[in-house]
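Let me begin by presenting the structure, written as structure tokens, before commenting on it.
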Amino acid sequence: MEARAERRRVRRRNQRIVLVVVVLAMVGGYVLYTRTANAEEPIEEPTLQTTTVRKGDIVLTAVGSGNLMPVAEIALGFRTSGTLTDLVVGVGDTVSAGQVLAQLDSATAEIQVKQAALALEQAEAKLADTRRTETQTIEIADADLEAAQAAYEALVSRSASVGTQLTSVRVNLEQAEEALVAAEAAYAVAWDPGRDWELAVKQMATALENEREASIRSLEKAKDDLEIARANYSLAVLNLEDNGATQSALSKLLTAQQHLDDLQSGADLQAAEWAVRQAELSLASAELTLSNTILTAPTDGTVVGVAVHVGETAGTSPVITIADLDTVQVRFYLEESDLDKVNVGNRVTTVFDALPNDEFIGEVVRVDPALVSVEGTQAVQAWAELTLPEDQAALPSGLTAEVEIIAGEVYKTLLVPVQALRELAPGQFAVFVVDEAGELRLQPIEIGLRDFANVEVLSGLQQGDVVSTGTVETE
């Protein structure tokens, strides 16, 4: 590929050399012809026009028209409806982010907030009381259970045969209770959420699933065995001679156990906690409703519109409009043919119809990617930010403006007329330099900016060089 590229470069260089040679030959032939041809019949020679390479300026511009526009404009409305009781700002006022702009009648919303706050205080007090009394109640219930257990065991221990009869079933009951504790512990270990990651490991997932299934079966079996052991224990007691007293003691024992179990389940405490959470949500909702009666500024800006008065009903429709007027921005339009002259960063000079004697400098900050229709004609839409003098008063939005875009500019640079250019190849140019003897010499040059009259010379010429701009026939 490098060899092919080198061949292409050599070929293009040879073509340029051939072209230059041909041009030089044509010029030489022309000069020789004008000196020798028709010697016997003199003919008026064309007059050679020349100019001197000089220094000057080139400024490429395009002109568009548009209007002063705010950088950002926000229409604000309430999140609820009501009667407007307070309007803090007016058109032209400067506001800061978070500043209150207007307010609706908030009496009802304030009452709802107070009611919700009171309900929350009551729920929190009940929760605190539940926590306090629950501990005391559990301690009492535990003591009652121990007393019932002691009374029950005292009755059954009166009979000598009771000790023998109850030993086996009591041991079974204790073993069943211990087995249940062990099964519950194994279940807790197997179903620990911290082990869920093992399910993602193929080698460990099956083992964990088997372990969990086994823990379920073991727990169910332990519960069943405990129930059976308790029943056997109760049946053995019922076989005692004093069945009435024993049965009564057993009933008290079971009742005390059930009461303690209910307390330890924490149902009352959980209900109290849920009531507090519900009260918190109700208070938050009431506070939100109250805050919705206040309209605040979301950002710094200037009030440019107010569409409501105190006493009127306001709602979610826009009632106040604020805009950022600190950044002066002009939206303007150009003809399609001037698209190449407007780019982000280009300097602009703006004159407003209302201030014809003042010029405002700025730069292009945006060129929209799609053409727009302006009075039935396709146009380029662009935006420019202006820099105002420190003593300049704020400009009202909507001012009509004429915008001049500086597409390119050079100053005190070498210039030659466009007529002096000779294009050798696309993008390659030359001029005919007139030497002291009046002879023409083709001189390749590098050019920069050009307008309809002159072209910037970057290299190849010096100030004061004389170049040809063509010939003119003389009569």
Note on the stretch 344-370: residues in contact (Cβ under 8 Å) with a residue 12 or more places away in the chain, under 27 Å from the mean Cα position of the chain (by Cα) and in a loop (DSSP other than H, G, I, E, B) are V344, G345, D368
Expected output for the stretch 397-419 (first residue closer than 27 Å to G305 by Cα, partner among the β-branched types (V, I, T) and surrounded by fewer than 17 Cβ atoms within 10 Å (Cβ to Cβ), Cβ below 7 Å, 6+ apart or cross-chain) is A401/V351; E402/V63; E402/V351
Requested in this report: Determine if the stretch 70-89 includes at least one residue that is of a type in the set (D, E, K, R) and either modelled with pLDDT of 90 or more or part of a helix (DSSP H, G or I) (or both).
Outcome: yes
Among V59, V91, V63, the single one that is touching a helix residue (DSSP H, G or I) at 6+ places or on another chain (Cβ under 9 Å) and under 30 Å from Y333 (Cα atoms) is V63
Confirm whether A420 is surrounded by 12 or more Cβ atoms within 10 Å (Cβ to Cβ), at negative phi and small (G, A, S). yes
Only one of (1) exposed (fewer than 15 other Cβ atoms within 10 Å of the Cβ); (2) over 13 Å from V53 (Cα atoms); (3) in contact with a Gly (Cβ under 6 Å, 6 or more places away or on another chain) does not apply to L458, and that is (2)
* Do we find a residue being assigned to a loop (DSSP other than H, G, I, E, B), under 32 Å from the mean Cα position of the chain (by Cα) and surrounded by 15 or more Cβ atoms within 10 Å (Cβ to Cβ) anywhere in the stretch 100-115? -> no
Within the stretch 228-286, restricting to residues that are basic (K, R) and either modelled with pLDDT of 75 or more or closer than 30 Å to A116 by Cβ (or both), the one that is farthest from the chain's Cα centre (by Cα) is R230
The correct count of residues that are more than 25 Å from T289 (Cβ to Cβ) and over 24 Å from the mean Cα position of the chain (by Cα) in the stretch 70-99 is 5
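Every residue, every condition in (1) within 21 Å of S373 (Cβ to Cβ); (2) at pLDDT 90 or above; (3) hydroxyl-bearing (S, T, Y), yes or no:
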position	(1), (2), (3)
G305	no, no, no
V310	no, yes, no
V319	no, yes, no
T327	no, no, yes
D338	yes, yes, no
V342	yes, yes, no
G345	no, yes, no
Taking the stretch 446-473 and the residues there that are modelled with pLDDT of 90 or more, small (G, A, S) and assigned to a strand (DSSP E or B), the one that is farthest from T61 (Cα to Cα) would be S468
Within the stretch 314-332, the residues that are part of a strand (DSSP E or B) and either surrounded by 22 or more Cβ atoms within 10 Å (Cβ to Cβ) or not β-branched (V, I, T) (or both) are A314, I320, I322, A323, V328, Q329, V330, R331, F332
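The values are calculated or read from the model by the stated rules, or taken from the named source; none is laboratory data. Note that this is a predicted model, so its numbers are computed, not measured. As a convention, Cβ positions derive from the backbone with ideal geometry for all residues, glycine included, and neighbour counts pool all protein chains shown.
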